[in-house]
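Have a look at the structure below before the remarks.
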Amino acid sequence: MKKLLSRLVLLSSVVILTACAPFKTAIPDGYAGPTAVLKDSATVMSTSKADMYYALTVDGNNIDNMRFKTRRQNEGRGMMMNVVEAERKIPARETKVSVAARTIYAAPILAMAGTVYQVTGDIVFTPEPNKVYVLRGALDESYSAVWIEEEVTKTVVGEKVEIKGSAKLGFFEK
């Protein structure tokens, strides 16, 4: 029994530690080349609901983003949230960005009762040095998408990640 309990504690510790994978920077170690900036964005519908368009990874590295920053900043605020901006420098070379567009609620109970749309995918593009790029998107019943555009010209770079039809998540996917 004691041996089983110690194995259970060890297994639990491993699971907890692997679930807390640290965020990395979007700039790889040793990179000394030019950079650009990639920003997340959101469409705020109310004090408890927003559609967020954000980066998940850059060249395979998990990065901090608007969704996680907003969650951390608003923890314990109940049914209210303030969206927290997020941006990061990225290498100005061909870059693969895993992106997401998702409906976010201030509290999990609101998400369970409400409609959540989500689109995820990868976009490959080559940012120009010193330019600013923004993740944008659209989420609704008939069309959902996420894309990256150059901030000043609004020119879409790379391919859009699109779902024609519903991108609505089921109850257990929320």
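The values are calculated or read from the model by the stated rules, or taken from the named source; none is laboratory data. Not measured: the values here are computed from a predicted model. Here Cβ is always computed from backbone atoms with ideal geometry, including for glycine, and neighbour counts include all displayed protein chains. Areas reflect the complete protein model, heavy atoms only, side chains present, ligands, DNA and RNA absent. Shrake-Rupley method; radii C 1.70, N 1.55, O 1.52, S 1.80 Å.
General observations
- Between Ala107 and Val156, the distance separating the two model label sites (each 7 Å from Cα on the Cα→Cβ line) works out to 3.8 nm.
- Selected from Lys89, Lys131, Lys164 as most flexible by GNM, with the chain as the system and alpha-carbon contacts under 10 Å: Lys164
- Rounded Å value of the spacing that divides the Cα centres of region 73-112 and region 130-157: 15
- Between Ser142 and Met45, the simple spin-label model (points 7 angstrom out along Cα→Cβ) gives 1.7 nm.
- For region 82-128, the relative contact order works out to 50 percent when only alpha carbon pairs closer than 8 Å and six or more residues apart are counted.
- Rounded percent of accessible protein surface that carbon and sulfur make up, the chain, 1.4 Å probe: 57
- Here the calculated FRET efficiency for Met80 and Thr120, from their Cβ-Cβ distance with R0 = 35 Å, stands at 0.85, rounded to the nearest 0.05.
- Accessible area of the chain divided out per residue, in Å², using a probe of 1.4 angstrom: 59
- If you run the Gaussian network model on the chain, springs between alpha carbon atoms under 10 Å, then out of Ala36, Ala101, Ala145 the most flexible one is Ala36.
- Cut-off 15 Å between beta-carbons: net charge of the residues surrounding Ile163, Lys and Arg +1, Asp and Glu -1: -3
- Zero-based 5 Å bins, Cα pair distances in the chain, whole percents: 1, 8, 15, 18, 17, 14, 11, 7, 4, 2, 1, 1, 0, 0
- Note on Ala32 and Glu94: the model spin-label points, each 7 Å out from Cα along the C-beta direction, lie 2.4 nm apart.
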